1. Choose one of PHE85, MET40, ASN174: the residue whose Cα lies farthest towards the positive end of the charge dipole of the chain (beta-carbon charges +1 Lys, Arg; -1 Asp, Glu; about the Cα centre).
2. Less than 14 Å Cβ to Cβ from GLU158, Lys/Arg counted +1 and Asp/Glu -1: what total charge do the surrounding residues give?
3. If the chain between GLU108 and MET40 were fully stretched, how many nm would it gain, using 0.36 nm times the residue separation less the Cα-Cα distance?
4. How much length is gained on full extension from PHE63 to LEU129, taking 0.36 nm per residue of separation minus their Cα-Cα distance?
5. If each of SER91 and CYS52 carries a label point 7 Å out from its Cα toward its Cβ, how far apart are those two points in nm?
6. Using only Cα atoms, find the angle between the long axis of helix 158-173 and the longest principal axis of the chain, and express it within 0 to 90 degrees, rounded to the nearest 10.
7. Expressed as a rounded percentage, what relative contact order does the chain have, with Cα pairs under 8 Å and six or more residues apart?
8. Please report, for the Cα atoms of region 108-173, the Rg to one decimal and the Dmax as a whole number; what are they, in angstrom?
Amino acid sequence: MLDRAKQMNLIRGVVFGDGSIQISHLQFVDDTILFLDPSMDYLLNAKSILRCFELVLGLKINFNKSCLVRVVKIRPGEEDWAAAFRCVSSSLPNKYLGLPLEGYSGREALWNPVVHMVEHRLTLWKSALISKGGQLVLIKTVLSSLSSYFMTIFPIPEGVAKKLEKIQRDFFWNDGM
């Protein structure tokens, strides 16, 4: 629906670089990020599209859990945008799917929440008696997915990749200790 709306110029995504890249939305499972050109018309059109989504599929979007994040300064008259969506307004840095979103992604500190999530999961698993096969499955499925969706947004620094590999390797070869 969002792609079709973009083709029909009902919404306009954010343009990057030389103008050849335009992103209007990213989706991960049941979470969606909309990137809209700062215009009340596009915002109201997006709201209508989301309402159609609810009516057609019989699903409900929880706008109380939604957040309008601005990446540019608020211009006069734009204060009502969050009210149009009945959600809160915020700015960067913010969180998406439990991970920080901010302007510059080259810092290793940005990846600390991912490292902490991996360490937390391993702490929970260490108390369970899990076979080597089970440990391998957990590492390959659960731990890898924790960082992979974050890597779709930000490139992973080499130091962080090595640290995550070491944590997983130590868990596997040290019998979960």
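1. ASN174
2. Summing Lys/Arg as +1 and Asp/Glu as -1 gives +2.
3. Roughly 20.9 nm would be gained on extension.
4. So the chain would gain 19.6 nm between PHE63 and LEU129.
5. Going from the SER91 label point to the CYS52 one covers 3.4 nm.
6. 40
7. In percent, rounded to a whole number, it is 14.
8. That works out to 11.8, 35 Å for Rg and Dmax.
Each value in this text was obtained by applying a stated rule to the coordinates, not by laboratory testing. In this text, all values refer to a predicted model and were calculated from it rather than measured experimentally. Here Cβ is always computed from backbone atoms with ideal geometry, including for glycine, and neighbour counts include all displayed protein chains.
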